[in-house]
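Here's the structure we're looking at; comments come further down.
The numbers here are math on the coordinates, done by the rules we state, and not lab data. Keep in mind it's a predicted model, so treat the numbers as computed, not measured. Positions of Cβ are backbone-derived with ideal geometry, glycine not excepted, and every protein chain shown enters the neighbour counts.
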Amino acid sequence: MIKIILACALTAAQAYLLGSVIFGVIIAKVFYHDDVRTHGSGSAGMTNMLRNYGKLAGALTAVGDLGKGMLAVVLGRWLFAVIIPDMGLASICGAYLAAIFAVIGHTKPLFFGFKGGKGVLISAGAALATEPLVCVILFLIFMVEFAITRMVSLGSIIIAVLYPLATLSYWVWHGVNLPSAIFIGVCTGAMAVMVIYMHRENIRRIKEGTEYRFGEKKPHVK
């Protein structure tokens, strides 16, 4: 039990600290001498960076957020494999625990006043590092939604809902044991809830018909 607690604590700590490195804030301050969180949606994510500073800033933010999500889950999986290799939980459980705390770090970053982004891309990075096939399928669904509505937020919400269902199905199909399946289900469900909660204002605007659609010359505040 002590080893399980140690593995969970180390995994959570490293993931939260990695998540707290907010590339949107860093890029805006270094290259534009500005704080992106004072503009638009107030988020430090890719969409707000893109709309305020252009394609390069958005792309760099996306790469950074995807990268830290991937690194956090790789380290989490490694920690579980090293510390508790034979205690009933598959090492992949460490990846999903890391994903939760990386998202928490991204949304409530220690280094930037607990105000960061919405966690979509860091979740995508975590998914890409754990089950790339599921990630590809969800990305295709997102692209279809985006082509129809041009709303990034709606696609993010849809993917958040589908992610735990698709992930749990993937690992059950691969024969993961019951404790690990429950652990994975809880972790991915928690990630989905966090991402959806961070989009609560977007959901309100979608209902009202005022949500920003990509390419609008006079976007509504996201």
Would you tally the net charge around LYS115, using a Cβ to Cβ cut-off of less than 9 Å, leaving LYS115 out, and scoring K and R as +1, D and E as -1? +2
How large is ³J(HN,Hα), in whole Hz, for each residue of the stretch 104-117 in order, when computed from phi with the Karplus curve 6.51 cos²θ - 1.76 cosθ + 1.60 and θ = phi - 60°, using x for Gly and Pro? 4, x, 5, 7, 10, x, 4, 7, 9, x, 6, 9, x, x
Neighbour-count ranking [beta-carbon atoms within 10 angstrom, fewest first] of LYS29, LYS55, LYS68: LYS55, LYS29, LYS68
Sort the stretch 77-183 into rounded, prolate or oblate with this rule: let a ≥ b ≥ c be the square roots of the eigenvalues of the Cα gyration tensor; rounded if a/c is under 1.5, and if a/c is not under 1.5, prolate when a/b is larger than b/c, oblate otherwise. oblate
Provide, for the chain, the number of lysine pairs with alpha carbons under 16 Å apart, each pair being eight or more places apart or on different chains. 8
One finds the C-alpha centres of the stretch 143-222 and the stretch 11-79 to be spaced, in Å, by 18
Evaluated over the stretch 1-116, the Cα radius of gyration and Dmax, each in Å: 16.1, 50
What residues of the stretch 114-156 lie in the reach of a label at TRP173, counting those whose backbone N is under 17 Å from a point 7 Å from the Cα along Cα→Cβ? 127-142
Which net charge results for the neighbourhood of ALA102, defined as the other residues with beta-carbon distances under 15 angstrom from its beta-carbon, given Lys and Arg at +1 and Asp and Glu at -1? +3
Cut-off 12 Å between beta-carbons: net charge of the residues surrounding LYS29, Lys and Arg +1, Asp and Glu -1: -1
Which order results if ILE157, ILE2, ILE122 are arranged by neighbouring Cβ count within 10 Å, fewest first? ILE2, ILE157, ILE122
Output ³J(HN,Hα) for the stretch 57-73: one whole-Hz value per residue in order, computed from phi by the Karplus curve 6.51 cos²θ - 1.76 cosθ + 1.60 with θ = phi - 60°, and x for Gly and Pro. 4, x, 5, 5, 5, 4, 4, x, 5, 4, x, 6, x, 5, 5, 4, 6
Only counting other Cβ atoms within 10 Å, I'd like HIS39, HIS33 sorted with the fewest neighbours first. HIS33, HIS39
Residues with amide H under 5 Å of ASP34's amide H, sequence separation 5 or more or different chain, H placed in the peptide plane at 1.01 Å from N; which? LYS29
Treating each Cα of the chain as an identical point scatterer and ignoring solvent, apply the Debye formula and state log10 I(q)/I(0) at q = 0.11 Å⁻¹. -0.52
The chain: relative contact order from alpha carbon pairs under 8 Å, six or more residues apart, as a whole percent, is 21
